[in-house]
Amino acid sequence: MGMPEFCRMLISAVNRKEAERMVDALLEAGLVAGAFIFEGHSRYHWKGKILSRDDCNISAFSKPEHKDRILKLIRPIHSDECPIVAVLPLDGNECFMKWLEANLG
């Protein structure tokens, strides 16, 4: 049996405070091993318009099967009508993958 499958979750947040609340909740629930919070400017289509704002993105290390639980946990915290929870396959160096396995089972 090989190592479990892990992923990087890209999760949107409207500001740093919201991002930090979501990451803390995800860590406490054991749904992520860790996360980075990045701030930046975004432009996107929404309801027929091109919008622009400053946002935060969370890059969290998790398992694909946690996606639905992650969305359910962040939904009450998130200010957007349609939060982003994108799942990206993850591979990495041996000590990083062992860290993921130790922290996510």
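Values quoted throughout were computed directly from the atomic coordinates according to the rules given, and no laboratory measurement underlies them. What you see is a predicted model, and the numbers here were worked out from it, not measured in a lab. In this analysis, Cβ positions are derived from the backbone assuming ideal geometry, glycine residues included, and neighbour counts consider all displayed protein chains.
Before moving on, here are some points about what is shown:
- Going through (1) in a helix (DSSP H, G or I); (2) among the hydrophobic types (A, V, I, L, M, F, W, C); (3) touching a helix residue (DSSP H, G or I) at 6+ places or on another chain (Cβ under 9 Å) one by one, L100 falls short only on (3).
- Of the residues in the range 67-89, not one is in contact with a Phe, Trp or Tyr (Cβ under 6 Å, 6 or more places away or on another chain) and at negative phi.
- K63 among the charged types (D, E, K, R) and surrounded by fewer than 17 Cβ atoms within 10 Å (Cβ to Cβ): no
- Screening L31 on (1) touching a strand residue (DSSP E or B) at 6+ places or on another chain (Cβ under 9 Å); (2) closer than 15 Å to I84 by Cβ shows it passes everything except condition (2).
- Of the residues making up the range 62-74, not a single one is part of a loop (DSSP other than H, G, I, E, B) and either out of contact with any Cys (no Cβ under 9 Å at 6 or more places or on another chain) or over 29 Å from A102 (Cα atoms) (or both).
- Screening D55 on (1) surrounded by fewer than 15 Cβ atoms within 10 Å (Cβ to Cβ); (2) not in a loop (DSSP other than H, G, I, E, B) shows it passes everything except condition (1).
- Filtered by the rule that a residue be of a type in the set (A, V, I, L, M, F, W, C) and within 14 Å of the chain's Cα centre (by Cα), the range 33-50 gives A33, A35, F36, I37, F38.
- Filter result (in contact (Cβ under 8 Å) with a residue 12 or more places away in the chain and exposed (fewer than 10 other Cβ atoms within 10 Å of the Cβ)) within the range 39-52: G40, H41
- Test: residue in the range 15-38 that is surrounded by fewer than 18 Cβ atoms within 10 Å (Cβ to Cβ), without any contact (Cβ under 8 Å) to a residue 12 or more places away in the chain and among the β-branched types (V, I, T): no
- Within the range 81-91, the set of residues being surrounded by fewer than 13 Cβ atoms within 10 Å (Cβ to Cβ) and more than 20 Å from A29 (Cα to Cα) comprises E81, C82, L88, P89, D91.
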